[in-house]
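Accompanying notes for the structure given below.
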């Protein structure tokens, strides 16, 4: 099963870092947060990735092109016909497809643009800036059990994000709305599992995935919540980045299951 990562946005709320590179390429512990997310999936045996690029997409492509060098000890011997000697090869069992989905394309449009790489298969989707200790294997198993079109991981982080109204008995997501001061409801944490028919719900580049497509799924009782009670954090601001870096440096990163 393929994992699609949204990595094309401008990252304006963390502009201190994202003016130099795409937000998913901002580093935690010396590696892009995108790498951390991929390691989470890989830990559960999911190694086929499609990355939706956009803003400064060449940086993401160049980083993966040089990944072999990033993770190995290498000698460049210029006295012997510019020979390169690799002393240790630390590589990942990954297949990574990098797709330029446009600079200003909305989230739904980015997903629509990679449909040809998905075909008629169930796939996973998440954002390129959030890490979690979620069990991906259990998430996929839960999605298969209810036979609906979409499963969205939800977490409770207070009042910072838009709110999901979830039926307590069925786990169907009934509605989306803006947060209020009284809220402590569940929010969209990414780590979504989708059936390929989702592409029919997306019109084009201007479609915001979290609006009309998911709202329509909710109305049709095709969107189910997977409630995650563990760790989840989105790197939305410089403060978030510093907190994640501190966790990693102290060896207290809950998302590091590998």
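Can you list the residues of region 21-59 with backbone N under 12 Å from a point 7 Å past the Cα of residue 86, pointing along Cα to Cβ?
So the set is empty, nothing qualifies.
Arrange the following residues from fewest to most other Cβ atoms within 10 Å of their Cβ: 237, 105, 75.
75, 237, 105
To the nearest whole percent, what portion of all C-alpha pairs in region 1-111 is separated by more than 20 angstrom?
For region 1-111, the fraction of Cα-Cα distances above 20 Å is 47 percent.
Taking the chain as the reference, fit the longest principal axis to its C-alpha atoms, fit the long axis of helix 33-43 to the helix C-alpha atoms, and give the angle between the two in degrees, 0 to 90, nearest 10.
With rounding to tens, the tilt is 80 degrees.
Roughly what angle does helix 136-146 make with the longest principal axis of the chain, taking Cα atoms, 0 to 90 degrees, to the nearest 10?
30
Taking the Cα atoms only, what angle lies between the long axis of helix 238-249 and the longest principal axis of the chain, rounded to 10 degrees?
60
Which whole-number percent is the relative contact order of the chain (Cα, under 8 Å, 6+ apart)?
24
Please rank 20, 244, fewest neighbouring Cβ atoms within 10 Å first, as an exposure proxy. Don't skip to the answer; put the middle values down first.
Details: 20 11, 244 21.
Starting with the residue having the fewest Cβ neighbours, the order is 20, 244.
Throughout, read-outs are computed from the coordinates displayed, never taken from laboratory work. Note that the structure is predicted; figures quoted are calculated from it, not measured. Here Cβ is always computed from backbone atoms with ideal geometry, including for glycine, and neighbour counts include all displayed protein chains.
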